[in-house]
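Novice: The structure under discussion is supplied below as C-alpha cells; questions concerning it will follow.
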Amino acid sequence: ASKLYTPIIFEAFQGEYERSLAACIKALDVSNEYLVGDFTYEEEYKVVDDPLKETVVCSCKQFDRIGILCSHALKVLDLMNIKSLPPQYVLKRWTREARTITVQDNQGRNIIENPKMDAMLRFKHMSYKFLNLAHQAANSPECTMLVDNTLDILGKQIAEKVNTSTSTFQDSCTVFTNASPPNDLLINASLKKKDVQTKSSKRKRTWLNKKHKVRKRRENKATSQFGK
C-alpha cells in the first residue's frame with residue numbers, strides 16, 4: 001500500500017489497518033455477515049463479504065465517502081485470508097501515479113485537487129493517534145498529567161504556527177483586494193443553510209460494551225481522577 005498510495009492517503013490507510021488489528025469480530029447467524037467492534041470508540045458495524053468477488057461492504061460507509069477502506073472492512077478481509085488490497089478498493093485518484101499526471105473531466109477541463117479532502121484525512125489520522133494516546137494515559141495519573149502538560153505546550157506552538165501562516169497568507173492576498181469576480185459567478189453563487197440535527201436518544205448497549213465492562217470501569221475511574 002505504501003508504494004501505491006500518496007503519503008497522506010497511506011497514513012490514513014495505515015491508521016485504519018492498525019485499528020483493524022485491535023478490532024473484535026463476531027459472526028452473525030446470517031451467512032457472510034459480521035459485527036466488527038471498535039475498542040477505541042466502543043461502536044460496532046455490520047460488514048457483509050462476498051468471498052467469490054472478494055468484496056466487503058461496511059455499514060459505516062467510509063469507503064463510499066472518502067474512498068479508503070475502514071478498519072471494519074479490513075478486519076473481514078483478513079478473516080477471508082486476503083492479504084493484499086483487491087484492485088477495486090484502490091482508487092486511482094489516491095495513487096502516486098495519479099498525482100504525476102493531469103486528470104481531466106468529461107469536458108476536457110483539468111480537475112483541481114481538493115485541499116479540504118487532504119485536511120480531513122490528516123484530521124482523521126491525528127484523531128486516531130490522540131484518542132489511542134488518551135486511552136493509554138488514562139490508566140495512570142502520572143501519564144495523564146504528562147499528556148496534559150505536553151498538550152498545553154503543543155497547543156501554544158500550534159497557535160503560533162497558525163497565526164504566522166495566516167499572516168503570511170493574508171499578505172500574499174492583498175494584491176487581490178480590489179479585484180471583482182465575474183458577473184456570471186456572482187449570479188450563479190448560492191449558499192445553502194445546513195440543517196442541524198440533534199440526537200436525544202441513548203445508544204443501546206452492544207455486545208462489545210458488555211464484553212469489556214470491567215475494562216471500561218477502570219478507564220472511567222482514571223478519567224474521574226483526571227477531572228479532579
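The values are calculated or read from the model by the stated rules, or taken from the named source; none is laboratory data. Please read all numbers here as calculations on a predicted model, not as lab measurements. Heads up, the Cβs are rebuilt from the backbone with ideal geometry, glycines too, and the neighbour counts pull from every protein chain shown.
Novice: Taking the stated definitions as given, is Lys26 exposed (fewer than 15 other Cβ atoms within 10 Å of the Cβ) and part of a loop (DSSP other than H, G, I, E, B)?
Specialist: Answer is no for this residue.
Novice: Considering every residue within segment 50-64, establish whether at least one is touching a Lys or Arg at 6+ places or on another chain (Cβ under 8 Å), surrounded by fewer than 18 Cβ atoms within 10 Å (Cβ to Cβ) and either without any contact (Cβ under 8 Å) to a residue 60 or more places away in the chain or part of a strand (DSSP E or B) (or both). Give the derivation first.
Specialist: So in segment 50-64, the residues touching a Lys or Arg at 6+ places or on another chain (Cβ under 8 Å) come out as 58-59.
Remaining after also requiring surrounded by fewer than 18 Cβ atoms within 10 Å (Cβ to Cβ): 59.
Now restrict to residues that are either without any contact (Cβ under 8 Å) to a residue 60 or more places away in the chain or part of a strand (DSSP E or B) (or both): 59.
Yes, there is a match, as at least one residue in segment 50-64 is touching a Lys or Arg at 6+ places or on another chain (Cβ under 8 Å), surrounded by fewer than 18 Cβ atoms within 10 Å (Cβ to Cβ) and either without any contact (Cβ under 8 Å) to a residue 60 or more places away in the chain or part of a strand (DSSP E or B) (or both).
Novice: Right, something else. Which of the residues spanning segment 75-118 are in a loop (DSSP other than H, G, I, E, B), modelled with pLDDT of 65 or more, within 19 Å of Arg65 (Cα to Cα) and among the hydrophobic types (A, V, I, L, M, F, W, C)?
Specialist: Passing the criteria: Leu85, Val90, Leu91.
Novice: So, in segment 24-44, exactly how many residues are at pLDDT 90 or above and under 10 Å from Lys75 (Cβ atoms)?
Specialist: 4
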